[in-house]
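Presented below is the structure to which this report refers.
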Amino acid sequence: MAEMHQIRLQIGPAAFRIASAWRQPLDQLAALYRDYPGPSDHMVDFTVRLEPDKPWRRYIRPSVHIGGDFWLPDAAPLPLAQGLLAAEMGMNLQMALGWRRHLLLHASSVEKDGRALIMTGLSGSGKSTLSAMLAQKGWRFMGDEFALLDLDTGDIAPFPRLISLKNQAIRAMQTVAPADRFGPEMTDTPKGDIRHLVPPKAAIDRMGEPARPALLLFPRFGHDPELRDMGQAEIFVRLTQASTNYVALGEAGFRALTRFVDQVPTRAMDYQSIEQAEELIERLWSRSP
Amino acid sequence: MIRDAHILVRALREPASVERLDGGQWSELISIARAESLIGSLAHRLADVPVPDRMRAVLQDAIGAHDLARQQALWEADCARRALAGYPGKIVLMKGTAYVAADLAAGVGRSIGDLDIMVARDALPIVESALLDAGWEWVKPDPYDDRYYRDHMHELPPLIHRDRDRMIDVHHTILPLTAGPRPDAQAILDSAIALGNGLYVMAPADMLLHSIAHLFADGDLAGGLRNLWDINLLLRHFSEADEEFWTELDVRAKTHGLGREKERALRLAARLYDTPVYRFSAGQTEFADYLYIRRLLARDGYGRETRKLIRFAFYVRSHWLRMPPLMLARHLWTKWRKGGKPVG
Amino acid sequence: MSDQNFRLSTMTPKYRAGPKDDLIWHELDSMTLLFHRPSGNTHMLADPAPALLEVMDSGLLTAAEIATRLKARFDVESGADTDDIISARLEELAALGLIAREAG
């Protein structure tokens, strides 16, 4: 059986082993994750496998099948040129299906003065771009994909993997972030054009430091700027939908999420530009306890 | 890099063996255990040996996940019980759900997928309609699959509950009708044991023989290490609880036509998991045992299946076991016609 | 499948609450959340379903008996359809497995 190449990565509390039939995606990962400390003692929580879906696909029109400790039966393969994306998707999948030490919210998060702002919403809501932007303006970036809610303390733990920029957000971030922190541009992926951005150094250095959740936003892009109150029932339901492991955590998940809904001020936020969103956020933040 | 699943078998058999593992080997052990659906069992087995912190957290996650699986399996069985409350015959829980409901060691940390129940064959239509009334629906509307199931299998086509998204398999015996051996389904129902909540589990020897039939005749030995681990735990438990158990097992194996399978399962369990088996129940070692062992251990340290050739041999074999030759050709042909869409 | 003679009788069913410890209650602003331990399911209930659960216990009760308890304890308006509404909610709670239902 063909040997695989492998690399180990530590992101926030989770450690991964990425094994790949090809060198290329791992070289890209190694370059982009160069500032991250490796997991101690080579021990990892999850293994991701990037393999040809048929043996000859290693060489002929190579296509990458995403496998690993946790997997989905119907995950379509990606072309080798998108191997980096495959690796990131594989790591997300391990977290979504396997992680139980926090309640996972599909949300971005940033921190200031020990307090966290959490943004959740459907894809296209702009939560990822907003977190990346705020990270350039004095906030600490904690993650653009998963906010990890601690089951005991109620704190948010960082999970600052590479920021996954899509379509127009790539251009927007290129105007504010240093060029050497971008990964290769991948066009025509299942999600459109994608380019990864390495989080700021401070986000990586402090990826072990949790923060107290202080504000939850449901951003929605493309509508007149507005902040709205939301009922607790709606907030609760939308957060269960935004969580990949709420059901899997059983009673612990219920207790963590009800406490979160009780304690964290929440608003729906409509906006049409990053500047508007920043203004609305600053206004809310200066008033939040 | 580890090239087979021995490291997992050793850790299950002899938990202290993990103290010698380095970080890389630990990661490989975890991947193999997850791939073989034995991570929950492993986590419980390693509860009392020193384990590095990160690996302890991984094992603790597995215990939590399987606690939930256990609770859901019991709840799903209770849902079926309520749906069939008016059915007067025995409803026998099978496999993982039965181990958990009967509080057996084989249920501790075991992964449980669908709910499997067994009822009398002539009761299938009323059981089916009661389940449909209670919110279960057909998974596959495909008429070919449906006929295939009804004509040749030992179960109804799978049903899924429209709200809970959980599957139920309703069996009327423990092997496909096309398999060689013809287990005595009525005898299994007759001696099934009441749990006290209206549901039943098989008597010890039948439960073990079903696990054995499942290991050899159902599928291509995929998940075999897990099935064999079940067999190991059931054997230890039943033989300690009842010294007549080995005799009972031999008699029942004969009743169901599973004598050879029983002997081989005992030998494999003894070989891999050190199960104390009664020598005269296990028959003579055969060369094929060696092939079975190689097949069961075919998993590398990345969690990948290895030894494709031997796997393929077992796959074809498993189909031949289940269906007479002409039917196999028909089955595969219908599969190809559908453009490689998997049927099973 | 005409053979359905074993089906439950629908004449005056009776209902019984599960053990109190099966449920964790949490009040939201407009709804009641219930975490049901045996199933691991979370239910979000609107009035009067939570009130029904509050007046029920381990004894078997008909819908009419539960309605009487409800009226004694809460400010429930007695209308012609009150009993129908209560019966319908009880059937839903039974279908979710939150209460047990037995044929009368």
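The values are calculated or read from the model by the stated rules, or taken from the named source; none is laboratory data. This is a predicted model, so every value here is computed, not measured. Neighbour counts run over all protein chains shown; Cβ positions are idealised from the backbone, glycine included. Accessible surface is based on the protein model in full, side chains and every heavy atom, while ligands, DNA and RNA are left aside. Shrake-Rupley method; radii C 1.70, N 1.55, O 1.52, S 1.80 Å.
Between A:A31 and A:A202, what's the calculated FRET efficiency when r is the beta-carbon distance and R0 is 35 Å? Round to 0.05.
0.95
Using Cα pairs under 8 angstrom and six or more residues apart, how large is the relative contact order of chain C, in percent?
37
With solvent modelled as a 1.4 Å probe, how much accessible area in total do chains A and B shield from it at their shared surface, in Å² to the nearest 100?
Protein heavy atoms only, the A-B interface buries about 2200 Å².
Quick one: if you stick a label point 7 Å off each Cα along the C-beta vector at B:D165 and A:R61, how many nm between them?
3.3
Within 10 Å of each candidate Cβ there may be at most 11 other Cβ atoms; applying that plus a DSSP loop requirement, which trypsin sites (Lys or Arg not before Pro) in the stretch A:16-79 survive?
Loop-located and lightly packed - A:R23, A:R34.
Would you compute, from DSSP H runs of 4+ residues alone, the mean residue ellipticity of the protein assembly as shown at 222 nm, taking -39500 (n - 2.57) per run and dividing by the full residue count, rounded to the nearest 500?
It lands at -13000 deg cm²/dmol.
Which of B:K90/B:K262; A:K137/A:K201; B:K95/B:K262; A:K137/A:K191; A:K112/A:K201; A:K112/A:K137 have a Cα-Cα distance over 22 Å?
In this structure, B:K90/B:K262; A:K137/A:K191 lie more than 22 Å apart at Cα.
Between B:K254 and A:Q241, take the C-beta separation as r, use R0 = 41 Å, and let me know the FRET efficiency to the nearest 0.05.
Using R0 = 41 Å, I get an efficiency of 0.15.
Using only the alpha-carbon atoms, what does the protein assembly as shown span along each of its principal axes? Please give whole angstrom values in decreasing order.
Here the spans come out as 79, 76, 53 Å, largest first.
For chain A, give me the percentage of DSSP beta bridges that are antiparallel, rounded to the nearest 5 percent.
Bridges in chain A are about 70 percent antiparallel.
For A:P158, what is the net charge nearby, where nearby means another residue's Cβ is under 12 Å from its Cβ and Lys, Arg count +1, Asp, Glu -1?
After counting each charged neighbour, the total is -4.
Between A:I281, A:A256, A:M269, whose Cα lies farthest towards the positive end of the dipole of the stretch A:240-289 when Lys and Arg beta carbons carry +1 and Asp and Glu beta carbons carry -1, centred on the Cα centre?
A:A256
Rounded, prolate or oblate: which fits the stretch A:1-78 when a ≥ b ≥ c are the square roots of the eigenvalues of the alpha-carbon gyration tensor, with rounded for a/c under 1.5 and prolate only if a/b beats b/c?
Judged from the Cα gyration tensor, the stretch A:1-78 comes out prolate (a/c at least 1.5, a/b above b/c).
With r as the distance between the Cβ atoms of A:Q272 and B:A57 and R0 = 51 Å, compute the FRET efficiency 1/(1 + (r/R0)^6) and round to 0.05.
Once rounded, the FRET efficiency stands at 0.70.
Can you list the HN-Hα couplings for the stretch B:90-101, worked out from phi with the Karplus curve (6.51, -1.76, 1.60; θ = phi - 60°), rounded to whole Hz and with x for Gly and Pro?
7, 10, 9, 6, 10, 6, x, 4, 5, 4, 5, 5
Could I have the simple spin-label model distance between A:E185 and A:E251, label points 7 Å from Cα toward Cβ, reported in nm to one decimal?
Rounded to a tenth, the inter-label distance reads 5.4 nm.
Calculate the spin-label point distance for C:D29 paired with C:T12, positioning each point 7 Å from the Cα along the beta-carbon direction, and give it in nanometres.
Taking the simple label geometry, C:T12 and C:D29 are separated by 4.5 nm.
If you place +1 on the Cβ of every Lys and Arg, -1 on the Cβ of every Asp and Glu, and leave all else neutral, what size is the dipole of the stretch B:6-337 about its Cα centre, to the nearest 20 Debye?
About 1120 debye.
About its Cα centre, how strong a charge dipole does the protein assembly as shown have in debye, to the nearest 20, once Lys and Arg get +1 and Asp and Glu get -1 at the Cβ?
2520
Take every DSSP beta bridge with both residues inside the protein assembly as shown and express the antiparallel ones as a percent of the total, to the nearest 5.
75
How much of the DSSP bridge set in the stretch A:1-117 is antiparallel, in percent, rounded to the nearest 5?
Looking only at bridges with both residues in the stretch A:1-117, the antiparallel portion is about 75 percent.
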